[in-house]
């Protein structure tokens, strides 16, 4: 279970641009939930993910994972339980290393990176199987540098690498936003498959309302650091793209857009 | 012929230092000026140990270890105290000047009769008389190849993978639940270990320690790395570490040519700087760096 309790976050403190993003923000995500998060730019979606992962610090409140308060835990230590895929496909892989080396380095997460051989030959078949499940033909390109792959292929690898080891949470930060519609669909299906297979608790930020509606069992819409829609279960299944779009428009009118 | 042998000797000895610069400049993308201080540190330690009758091979190990400590300190200044990479190196380089003087005791320590890795009873027993002229070059070559193979092997380990990943994509290393800062410290330690080792070998070859022998080391290292990696840019089957060794020899060759063309030995640093500038302009390697740091 992931809990955000009374989160406070201010930007540009002490300047005329001081802005309060979160003022007493609360969110609880149950085990095995797949939450889609939508909202306009600046509504706090990515800030929320960064607070969970520890990339930015909070000015108040607590981040709690399975009862353990991790508010002051270092960012890199939090990733023992978290896998994350970014909007930019370049963020999840090493471009100058080969596909095989990338798979091997991700496979070793949570173990020590000592002086044993980087590539465990007995695992190569496993990597090939994993790559084969992507249906992108990457299993035949093990010795090609990842930098030579397309954005979609790299994002598929990033997803694979982020979920390869035993993690509890998957954080998806607009991970289909930089891809063409066809590739985005493929990545989204892969995501759904991995999440179901591994029973990962997932938070997915997306601007694609169709994905938000189609995937996951809970939908949250954020606005100005608060939650304006929170639907789950049957309630979510009944929600269509147009319902969300209507709320989007209402908010825009309120803001004077 | 004499010039060629000299070029090979110098090229191979400096190539070990260039391997260290390759780690910081190419792998970690860290402009490490510590080099100018850690190179003579290895020499200072070696001069003291050899005058006290220590086995030359042991001086190599000790120099490497001293270099590792120096590199780790640069890393700690940068990572833990959040000092900019360039400044961390400058701080260490400046401090090391005095420290090297303290270690050596004086600005110039000659080595007269001591055995060195190039000249000892074991070598004179196995080297045939006819090869004596090439002895130093051959030993330097063997040392450079051993250093290269060890570095190659390290870069294939899990720890080596992590080092390469940090220079490539820090975010990924954080995502793997590893401390990026610690990996950088390890990388700087290994790099300066190699640089200090190269200083030790240089000291044994020229048979003296001189406090100013480190000036311009980083430029020689960078030039070697850039020449090597650019010459073999389109030959992916040649490892970057091999390319760096070749680059170092080519660079020393260029310097020798300039001196043979009539420039005096006192123009050495000017030749070093001018050659480096020419290499940067010719390879356009400066482009990436300027953009990044602008």
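Filtering the stretch B:157-171 down to residues that are more than 7 Å from chain A (Cβ to nearest Cβ) and surrounded by fewer than 22 Cβ atoms within 10 Å (Cβ to Cβ), which residue is modelled with the lowest pLDDT?
The first filter runs over the stretch B:157-171 and keeps only residues more than 7 Å from chain A (Cβ to nearest Cβ), leaving B:163, B:166-167, B:170.
So of that shortlist, the ones also surrounded by fewer than 22 Cβ atoms within 10 Å (Cβ to Cβ) come out as B:167, B:170.
Working: B:167: 90, B:170: 93.
Ranking the qualifying residues of the stretch B:157-171, first place goes to B:167.
Restricted to the stretch B:131-151, and to residues that are touching a residue at least 12 places away in the same chain (Cβ under 8 Å) and over 21 Å from the mean Cα position of the chain (by Cα), which residue is surrounded by the most Cβ atoms within 10 Å (Cβ to Cβ)?
Going through the qualifying residues, I end up with B:135.
Could you count how many residues in the stretch A:88-106 are crowded, with 19+ Cβ neighbours inside 10 Å and more than 8 Å from chain B (Cβ to nearest Cβ)?
Narrowing the stretch A:88-106 to residues crowded, with 19+ Cβ neighbours inside 10 Å: A:89-94, A:97, A:99-106.
Within this subset, residues satisfying the condition of being more than 8 Å from chain B (Cβ to nearest Cβ) are A:89, A:99-100, A:102-103.
Number satisfying all stated conditions: 5.
Between a residue in the stretch B:1-12 that is under 13 Å from residue B:248 (Cα atoms) and any residue that is surrounded by fewer than 20 Cβ atoms within 10 Å (Cβ to Cβ), which pairs come within a Cβ distance under 6 Å, given they are 6 or more apart or on different chains?
Final answer for the pair search is B:7/B:253; B:7/B:256; B:12/B:141.
Go through the residues of the stretch B:244-260 one by one and say whether even a single one is surrounded by fewer than 13 Cβ atoms within 10 Å (Cβ to Cβ) and farther than 20 Å from residue B:12 by Cβ. Working first, answer last.
If we filter the stretch B:244-260 for residues that are surrounded by fewer than 13 Cβ atoms within 10 Å (Cβ to Cβ), which is where we start, we get B:260.
Imposing the further condition that a residue be farther than 20 Å from residue B:12 by Cβ reduces the set to none.
Checking the stretch B:244-260: not a single residue is surrounded by fewer than 13 Cβ atoms within 10 Å (Cβ to Cβ) and farther than 20 Å from residue B:12 by Cβ.
With respect to the numbered conditions (1) away from every other protein chain (no Cβ under 11 Å); (2) part of a helix (DSSP H, G or I); (3) surrounded by fewer than 16 Cβ atoms within 10 Å (Cβ to Cβ), which one is the sole condition not fulfilled by residue B:154?
The failed condition is (1).
Part of a helix (DSSP H, G or I), touching a residue at least 24 places away in the same chain (Cβ under 8 Å), in contact with a helix residue (DSSP H, G or I) (Cβ under 6 Å, 6 or more places away or on another chain) and more than 20 Å from residue A:134 (Cβ to Cβ), is that true of residue A:247?
no
Out of all the residues in the stretch B:28-48, which are part of a helix (DSSP H, G or I) and under 16 Å from residue B:89 (Cβ atoms)? Write out each step before concluding.
The initial filter retains those residues of the stretch B:28-48 that are part of a helix (DSSP H, G or I), namely B:35-48.
Once the filter is applied, which keeps residues that are part of a helix (DSSP H, G or I) and under 16 Å from residue B:89 (Cβ atoms), the stretch B:28-48 yields B:35, B:36, B:37, B:38, B:39, B:40, B:41.
Take residue A:62 and decide whether it is within 14 Å of chain B (Cβ to nearest Cβ) and surrounded by 13 or more Cβ atoms within 10 Å (Cβ to Cβ).
no
Checking residue B:17 against (1) outside any helix (DSSP H, G or I); (2) within 29 Å of residue B:167 (Cβ to Cβ): exactly one of these is not met. Which one?
Of (1) outside any helix (DSSP H, G or I); (2) within 29 Å of residue B:167 (Cβ to Cβ), only one is false for residue B:17: (1).
When you go through (1) touching a helix residue (DSSP H, G or I) at 6+ places or on another chain (Cβ under 8 Å); (2) surrounded by fewer than 19 Cβ atoms within 10 Å (Cβ to Cβ); (3) free of Cβ contacts under 8 Å to residues at least 60 places away in the same chain one by one for residue B:238, which number turns out not to apply?
The number of the failed condition is (1).
Residues that are closer than 22 Å to residue A:110 by Cβ and touching a strand residue (DSSP E or B) at 6+ places or on another chain (Cβ under 6 Å), at least 2 per element: which strands (runs of 3 or more DSSP E) completely within the stretch A:132-225 meet that?
Working: elements: A:169-173, A:201-205, A:218-223.
Those strands (runs of 3 or more DSSP E) span A:169-173, A:201-205.
What single numbered condition from (1) within 14 Å of chain B (Cβ to nearest Cβ); (2) touching a residue at least 40 places away in the same chain (Cβ under 8 Å) fails to hold for residue A:45?
Of everything listed in (1) within 14 Å of chain B (Cβ to nearest Cβ); (2) touching a residue at least 40 places away in the same chain (Cβ under 8 Å), residue A:45 misses just condition (1).
Let's see how each residue does on (1) assigned to a helix (DSSP H, G or I); (2) touching a helix residue (DSSP H, G or I) at 6+ places or on another chain (Cβ under 7 Å); (3) more than 10 Å from chain A (Cβ to nearest Cβ):
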{"position": "B:118", "(1), (2), (3)": "no, yes, yes"}
{"position": "B:133", "(1), (2), (3)": "yes, yes, yes"}
{"position": "B:141", "(1), (2), (3)": "yes, yes, yes"}
{"position": "B:173", "(1), (2), (3)": "yes, yes, no"}
{"position": "B:181", "(1), (2), (3)": "yes, yes, no"}
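Of (1) over 19 Å from the mean Cα position of the chain (by Cα); (2) farther than 14 Å from residue A:223 by Cα; (3) loosely packed, with under 14 Cβ neighbours inside 10 Å, residue A:9 satisfies all except one. Which?
For residue A:9, the failing item is (3).
Please go through (1) part of a helix (DSSP H, G or I); (2) under 30 Å from residue A:3 (Cα atoms) for residue A:129 and return the number of the only condition it doesn't satisfy.
(2)
Suppose the filter is more than 23 Å from residue A:191 (Cβ to Cβ) and modelled with pLDDT under 95; does residue A:150 pass it? First the steps, then the outcome.
On the way: more than 23 Å from residue A:191 (Cβ to Cβ): no; modelled with pLDDT under 95: yes.
No: the conditions fail for residue A:150.
Rundown of residues vs (1) under 18 Å from the mean Cα position of the chain (by Cα); (2) modelled with pLDDT of 90 or more; (3) surrounded by 14 or more Cβ atoms within 10 Å (Cβ to Cβ), yes/no style:
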{"residue": "A:157", "(1), (2), (3)": "yes, yes, yes"}
{"residue": "A:177", "(1), (2), (3)": "yes, yes, yes"}
{"residue": "A:188", "(1), (2), (3)": "yes, yes, yes"}
{"residue": "A:199", "(1), (2), (3)": "yes, yes, no"}
{"residue": "A:204", "(1), (2), (3)": "yes, yes, yes"}
{"residue": "A:208", "(1), (2), (3)": "yes, yes, yes"}
{"residue": "A:253", "(1), (2), (3)": "no, no, no"}
{"residue": "A:256", "(1), (2), (3)": "no, no, no"}
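Given the criteria more than 18 Å from the chain's Cα centre (by Cα) and within 14 Å of another protein chain (Cβ to nearest Cβ), does residue A:82 qualify?
On the way: more than 18 Å from the chain's Cα centre (by Cα): no; within 14 Å of another protein chain (Cβ to nearest Cβ): yes.
For residue A:82, the condition - more than 18 Å from the chain's Cα centre (by Cα) and within 14 Å of another protein chain (Cβ to nearest Cβ) - is not met.
Filter the stretch A:112-125 down to residues that are more than 7 Å from chain B (Cβ to nearest Cβ) and in contact with a helix residue (DSSP H, G or I) (Cβ under 8 Å, 6 or more places away or on another chain) and give me whichever is surrounded by the most Cβ atoms within 10 Å (Cβ to Cβ). Lay out the reasoning, then the answer.
Filtering the stretch A:112-125 down to residues more than 7 Å from chain B (Cβ to nearest Cβ) leaves A:112, A:119-125.
Next, from what is left, pick out any that are in contact with a helix residue (DSSP H, G or I) (Cβ under 8 Å, 6 or more places away or on another chain): A:112, A:119-120, A:123-124.
Details: A:112: 10, A:119: 21, A:120: 14, A:123: 15, A:124: 14.
So the residue we want is A:119.
The values are calculated or read from the model by the stated rules, or taken from the named source; none is laboratory data. If you're wondering where the values come from, they're calculated on a predicted model, not measured in any experiment. Positions of Cβ are generated from backbone atoms using ideal geometry, with glycine treated the same way; all protein chains shown enter the neighbour counts.
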